[in-house]
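All remarks here apply to the structure that follows.
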Amino acid sequence: MIFPHLVDIEKPVQTQDAETGEVAVVWKPVLQGVGCKIEDVSVRQFIQSAAMQQEVTTMITIPFMQGVELKKDMRLKGADGQHFGEIYNPQGFLRDNKGGTMYITIPCERGVNEGDV
């Protein structure tokens, strides 16, 4: 599989301002520059799987990475080209059907997770 795009995988971390005591969420990199394939979900796909597709607008495929634990509270952020800066909120993680160690497909909602967890 060819991975023509790049994403950064980030996790939310709560920080507290030393002066005000205000708690805020900041996004810290877990992995940067991960090769991936980013595809918008077609209208046909959207209609065919309406139950799951309520929030899924994009499918992102990344290579399987041994020892990397992906969680739904993480986000993916476009790191190059036309997807640079785009935010993608994972709705789940689907391993490939060839033993589960080739790639992971991540159904995502685009444009969310700007700081709220």
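The values are calculated or read from the model by the stated rules, or taken from the named source; none is laboratory data. Predicted model, so just to flag it, every value in this text is computed and none were measured. Reconstructed Cβ throughout: ideal geometry from the backbone, glycine too, with neighbour counts over all protein chains shown. Ligands, DNA and RNA are excluded from the accessible area calculation, which covers all protein heavy atoms including side chains. Shrake-Rupley method; radii C 1.70, N 1.55, O 1.52, S 1.80 Å.
Quick one: VAL56 ticks every box in (1) open to solvent by less than 40 Å² (accessible area, probe 1.4 Å); (2) modelled with pLDDT of 95 or more; (3) aliphatic (A, V, I, L, M); (4) farther than 19 Å from THR101 by Cβ bar one, so which box is it?
(2)
Residues being assigned to a helix (DSSP H, G or I) and small (Gly, Ala, Ser): count how many of those fall in the stretch 74-93.
Of the residues in that region, 1 qualify.
Would you be able to say whether some residue in the stretch 41-48 is modelled with pLDDT of 75 or more and either open to solvent by less than 90 Å² (accessible area, probe 1.4 Å) or over 25 Å from THR101 (Cα atoms) (or both)?
Yes, the conditions are met somewhere in the stretch 41-48.
Collect the residues in the stretch 72-117 that are open to solvent by 70 Å² or more (accessible area, probe 1.4 Å), modelled with pLDDT of 90 or more and under 18 Å from MET1 (Cβ atoms), keeping them in residue-number order.
Those that are open to solvent by 70 Å² or more (accessible area, probe 1.4 Å), modelled with pLDDT of 90 or more and under 18 Å from MET1 (Cβ atoms): LEU94, ARG95, MET102.
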